[in-house]
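The values are calculated or read from the model by the stated rules, or taken from the named source; none is laboratory data. Please read these numbers as outputs of a predicted model, since none were measured by experiment. Glycine also receives a Cβ, built like all others from the backbone with ideal geometry; neighbour counts cover every protein chain displayed. These area figures cover heavy atoms from the full protein model, side chains too; ligands, DNA and RNA do not enter into them. Shrake-Rupley method; radii C 1.70, N 1.55, O 1.52, S 1.80 Å.
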Amino acid sequence: MPAHVAESDSTPDPTGTTGTTDPLAHERAHLAASRAALRGMREDVQALDIRDVTANWVNAAVLQSQIDDRIKALADLSHTPLFFGRLDYLHSVGGEPAEGADGGRFYIGRRHVHDAAGDPMVIDWRAPVSQPYYQASRTSPQDVGLRRRFGYTGGELTAYEDEHLTDPAEAEHTSRLLQAEIERPRVGPMRDIVATIQPEQDEIVRSGLGGTVCVQGGPGTGKTAVGLHRVAYLLYAHRERLARTGTLVIGPNRSFLHYIEQVLPALGELEVKQATVDDLVRTGVEVRGEDEAATAVVKGDARMAEVLRRAVRSHVTAPVEPVVVVRGSRRWRVPAYEIQEMVDELLARDMRYGAAHEALPQRIAHAVLVRMEEAGEAPDDRVQNAVARNPAVKAAVKAVWPAVDPAKVVLRLLSDAEFLAAHAEGLLSDEEQKRLLWAKPARSVKSAKWSAADAVLIDEAGDLVARTHSLGHVVLDEAQDLSPMQYRAVGRRCSTGSATVLGDLAQGTTPWSTESWGEALFHLGKANAVVEELTAGFRVPREVIAYASRLLPAISPGLAAVESVRESPGSLAVREVPGGVADLDAAVVAACEESLRHEGSIGLIAADARIPVLGAALEAAGHAYLAPGEETTAASRLTLVPASLAKGLEYDYVVLDEPAAVVDGEPDERTGLRRLYVALTRAVSGLTVLHAAPLPEVLVQA
């Protein structure tokens with residue numbers, strides 16, 4: 001059935017239950033009433049008086065903070081549809097026949113809205129009763145007689161489209177409103193996809209909190225949106241638990257996080273933190289240095305975890321003297337061999353180094369108390385704690401199991417060849433050890449020019465000393481780019497929780513990028529995770545993804561190509577520019593001007609080395625441009641994107657400058673071709689490729 005778009009539609013209500021011959025007017029009236037109800041809900045919270053319900057100022061501050069968050073969550077965003085769909089069940093939810101106008105009817109939206117009497121006017125998309133909106137089909141209608149989709153323009157309801165799932169006379173058709181929503185021009189940050197979630201995506205979104213899910217998805221399959229919506233769903237289904245344990249979204253860079261930061265607030269979730277892996281591990285040192293690729297690969301190798309474990313434990317030494325505790329006129333002696341037994345027992349338990357450091361004085365004190373009891377005394381816990389703080393005990397612990405600074409351990413490994421060799425024996429080759437050692441050793445932790453990979457090593461050493469706090473759920477996006485040591489760093493943050501891992505093996509653009517999800521999940525500590533694959537593309541036009549997929553045999557053999565559901569003739573243009581670089585610059589500017597005639601956002605993607613030149617060319621032509629992560633607006637829609645920052649971003653129209661330069665900008669050809677694959681797949685409506693140099697051979701041969 002075609003979508004209804006008229007301002008006033010005289011078509012009878014297909015369900016025959018509204019009592020009006022103008023269903024569009026009926027739906028608009030429900031929208032207005034729902035907005036009024038939401039406003040009433042917000043005003044009720046604002047009117048709460050907590051002066052007589054709190055015992056002290058601390059409780060009052062906590063309660064007021066919760067009220068403020070609730071008020072924010074109930075904000076009505078004028079350009080965000082309050083509901084986007086409707087389900088008319090054949091029977092009510094309790095199984096009885098639907099009676100009355102709304103007995104089996106539910107409006108599906110981004111949040112729950114109820115009227116003054118508490119009756120629901122809009123149902124949260126995450127509620128169980130909403131699931132058939134995404135899952136019901138003609139072969140499995142799930143008791144749904146009618147599914148209605150709504151179309152909006154600037155926040156105003158302007159169209160609807162119906163599917164009668166149990167009517168054999170109605171022909172199956174592709175939803176025009178669904179297609180229009182997917183293709184709607186992208187201006188501003190990333191938006192939610194609650195109106196367009198597909199069945200295979202919905203199954204991942206609603207998977208339980210207890211297990212970790214890994215989503216392999218090619219460009220345009222919606223894996224990032226799926227991950228964010230899974231967080232929103234889990235917060236809905238397990239709010240109290242996750243409120244205690246916390247949630248975190250980890251992205252590849254700050255530009256990407258800025259791009260996605262509005263998705264969860266639009267769904268009413270305000271408390272989810274966002275960070276990069278670098279943010280997680282840069283807690284104690286300043287990163288000022290940079291490693292060569294080969295050195296970073298060694299530092300990111302999982303074998304470094306054992307090198308660090310050996311280095312930390314090397315600080316434990318055998319006791320050589322007994323401990324003599326003087327209390328009053330009595331002297332209590334614990335021989336060295338007995339202390340060694342305590343040390344051996346703590347080592348065998350494989351406790352955190354710091355926890356064992358705290359336990360050893362209590363072990364020694366307990367041995368003293370046993371001797372006191374044998375002598376007829378009756379010491380209690382206070383005596384044991386006092387003995388544990390005795391100077392003789394503290395001196396013995398300092399000598400046998402001294403406190404350790406994780407940064408100093410890593411500093412010594414990277415500065416002292418003998419220390420490194422002693423703990424890397426049988427793990428790292430001589431050549432690998434040479435790569436790790438600094439040419440000019442730093443004098444102190446503060447003066448060292450730490451690299452990003454060094455910070456991960458320090459984080460690992462820190463966890464060997466004291467356990468890293470675990471969150472309830474972590475979303476890790478663009479996960480294919482992480483090293484084994486980075487996976488371990490993320491895994492520590494969800495060691496007692498679960499994770500959603502998102503990525504595409506074909507888009508791995510670091511020298512240490514993973515080759516298989518099995519390997520990645522092992523290092524993450526989630527080897528039993530379920531791996532799901534999304535192969536249906538909704539963002540990138542079929543012509544564009546087919547062109548980019550020519551690279552797959554070279555960059556990720558065996559990986560299935562994305563099958564786009566969107567045909568868009570004319571969406572791909574590949575143009576050779578004769579005349580050299582100067583003519584190429586002018587052609588790129590002209591292509592940007594051509595793209596700007598269309599509605600939506602435009603991304604000019606180029607090799608990092610070409611960015612200054614193209615920026616100057618745009619400015620000379622009078623075109624202002626944004627940097628990645630800066631929010632596009634109706635007045636400023638052109639973004640100049642270094643290829644190294646393009647991952648995860650999307651634009652309505654993309655102009656790609658000189659593919660060969662993108663490939664040549666990476667340390668090896670495979671990584672360069674993967675970077676090109678990323679750049680080729682950022683477009684939603686159209687891609688223009690301009691080149692003066694020959695295209696990469698694999699792209700031409702295919």
| The listed residue being touching a residue at least 40 places away in the same chain (Cβ under 8 Å) and not in a helix (DSSP H, G or I), out of L427, L457, L414 | L427
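Taking the range 596-616, which residues are surrounded by 19 or more Cβ atoms within 10 Å (Cβ to Cβ) and at pLDDT 95 or above? Walk me through how you get there before you give the answer.
Residues of the range 596-616 that are surrounded by 19 or more Cβ atoms within 10 Å (Cβ to Cβ), as a first pass: 600-607, 610-611, 614.
I602, G603, L604, I605, A606, A607, R610, I611, L614 - these are the residues of the range 596-616 that are surrounded by 19 or more Cβ atoms within 10 Å (Cβ to Cβ) and at pLDDT 95 or above.
Criterion first (modelled with pLDDT of 95 or more, crowded, with 22+ Cβ neighbours inside 10 Å and of a type outside the set (F, W, Y)) does G537 satisfy it? Outline the logic, then answer.
Numbers: modelled with pLDDT of 95 or more: no; crowded, with 22+ Cβ neighbours inside 10 Å: yes; of a type outside the set (F, W, Y): yes.
Considered against the rule, which asks whether it is modelled with pLDDT of 95 or more, crowded, with 22+ Cβ neighbours inside 10 Å and of a type outside the set (F, W, Y), G537 comes out as no.
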| message | Please verify whether T509 is open to solvent by less than 20 Å² (accessible area, probe 1.4 Å), in contact with a Pro (Cβ under 9 Å, 6 or more places away or on another chain) and part of a loop (DSSP other than H, G, I, E, B), treating the condition exactly as stated. | response | no
| said: Suppose the filter is open to solvent by less than 30 Å² (accessible area, probe 1.4 Å) and touching a residue at least 12 places away in the same chain (Cβ under 8 Å); does D143 pass it? | reply: no
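Would you point out the residue of the range 207-223, among those that are of a type in the set (A, V, I, L, M, F, W, C) and either out of contact with any helix residue (DSSP H, G or I) (no Cβ under 6 Å at 6 or more places or on another chain) or in a strand (DSSP E or B) (or both), that is surrounded by the most Cβ atoms within 10 Å (Cβ to Cβ)? Quick ask: steps written out before the conclusion?
In the first step, residues of the range 207-223 are kept if they are of a type in the set (A, V, I, L, M, F, W, C); the result is 209, 213-215.
With the extra rule that they be either out of contact with any helix residue (DSSP H, G or I) (no Cβ under 6 Å at 6 or more places or on another chain) or in a strand (DSSP E or B) (or both), the set shrinks to 213-215.
Details: V213: 23, C214: 23, V215: 26.
Checking each candidate, the answer is V215.
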| task | Could you run through the range 139-177 and say how many residues are in contact with a Gly (Cβ under 6 Å, 6 or more places away or on another chain), more than 16 Å from H30 (Cβ to Cβ) and not in a loop (DSSP other than H, G, I, E, B)? | result | 1
| said: I'd like the full set of residues that are over 11 Å from A479 (Cα atoms) and among the hydrophobic types (A, V, I, L, M, F, W, C), limited to the range 512-536. | reply: W512, F522, A527, A529, V530, V531, L534, A536
| query | For the range 52-89, how many residues are open to solvent by 50 Å² or more (accessible area, probe 1.4 Å), touching a helix residue (DSSP H, G or I) at 6+ places or on another chain (Cβ under 8 Å) and at pLDDT below 80? | reply | 3
| said: Against the conditions (1) closer than 22 Å to F538 by Cα; (2) buried (at least 20 other Cβ atoms within 10 Å of the Cβ); (3) modelled with pLDDT of 90 or more, where does Q135 fall short? Just the number, please. | reply: (2)
| Somewhere in the range 229-244, is a residue modelled with pLDDT of 90 or more, at positive phi, surrounded by fewer than 21 Cβ atoms within 10 Å (Cβ to Cβ) and not hydroxyl-bearing (S, T, Y)? | no
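In the range 189-201, which residues are outside any loop (DSSP other than H, G, I, E, B) and crowded, with 20+ Cβ neighbours inside 10 Å? Explain how you work it out, then say what you get.
Taking the range 189-201 and keeping what is outside any loop (DSSP other than H, G, I, E, B), we get 199-201.
Q201 - this is the single residue of the range 189-201 that is outside any loop (DSSP other than H, G, I, E, B) and crowded, with 20+ Cβ neighbours inside 10 Å.
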| task | Determine, yes or no, whether L626 is open to solvent by 20 Å² or more (accessible area, probe 1.4 Å), in contact with a Phe, Trp or Tyr (Cβ under 6 Å, 6 or more places away or on another chain) and among the aliphatic types (A, V, I, L, M). | result | no
| Which one is least open to solvent (accessible area, probe 1.4 Å), of the residues in the range 415-434 that are touching a helix residue (DSSP H, G or I) at 6+ places or on another chain (Cβ under 9 Å) and of a type in the set (G, A, S)? | A424
